[in-house]
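Worksheet: one structure, shown below.
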Amino acid sequence: MFDVDQLHSPKLRASDGETRFEVGPTLAHDRGLATSQRKEETMRSRFSFLVLAAAVVAAPAFAQDNQPAGRWDGVLVRDGAQAPISVDLREDDGIWRGRLELDGASSPLDGLRVAGNSVHFEQPRQGVFDGTVSGGSITGSISASDSKGADSKGSFTLSREEPPESFGDAITSSGP
């Protein structure tokens, strides 16, 4: 007979005193390690897959903050003067459309382009707007030339206008 502690060694001492070399227990032990390593690799792979899946699912939620669609209110600063400004942007089937409200007048945007977090649009008699979306704000510059060829530059800052919260329960009345 032999000791159980010797199972992991290829050299065994039999009860008759002879030394024998056995490979079986060593191979079994190695197989046990290989199985353990495979289980560990499988667990790592599953964990990595879960982390990747969570990131894919969460990405649209974070990306929405940098999408320019929505209503934006802010200030236009040009030649030292400030004016309130509102911009409405929306995307329909990959085509961006928008309106600019400035000095009490509202008109559609020309040349509206969105690429990543960059927004570009033009407004006749107002200028060319180039901005960058970052979370809940758009900041950028405006450049224009008047009818006499004089250049005018400025900047604008817009904040996302959150949709109003629901008003709660409807008011009901009963009887006279």
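Any read-out appearing in this document is the output of simple, stated calculations on the displayed coordinates, not a laboratory observation. Computed from a predicted structure; not experimentally measured. Reconstructed Cβ throughout: ideal geometry from the backbone, glycine too, with neighbour counts over all protein chains shown.
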query: Val75 to Arg38: extension gain in nm, 0.36 nm per residue of separation minus the Cα-Cα distance?
result: 7.2 nm
Charge context of Leu89, other residues only, Cβ under 9 angstrom, K/R +1, D/E -1: +2
- prompt: In µm²/s, what is D for segment 70-161 at 37 °C and 0.692 mPa s, where D = kT/(6 pi eta Rh) by Stokes-Einstein and Rh is the Kirkwood radius from Cα pairs?
  reply: 247 µm²/s
query: Could you give the length gained on full extension between Ser152 and Gln82, defined as 0.36 nm per residue of separation minus the Cα-Cα distance, in nm?
result: 23.8 nm
query: Under the Karplus relation 6.51 cos²θ - 1.76 cosθ + 1.60, θ = phi - 60°, what is the ordered set of whole-Hz ³J(HN,Hα) values for segment 129-143, x standing for Gly and Pro?
result: 9, 10, x, 10, 8, 9, x, x, 9, 10, 10, x, 10, 10, 9
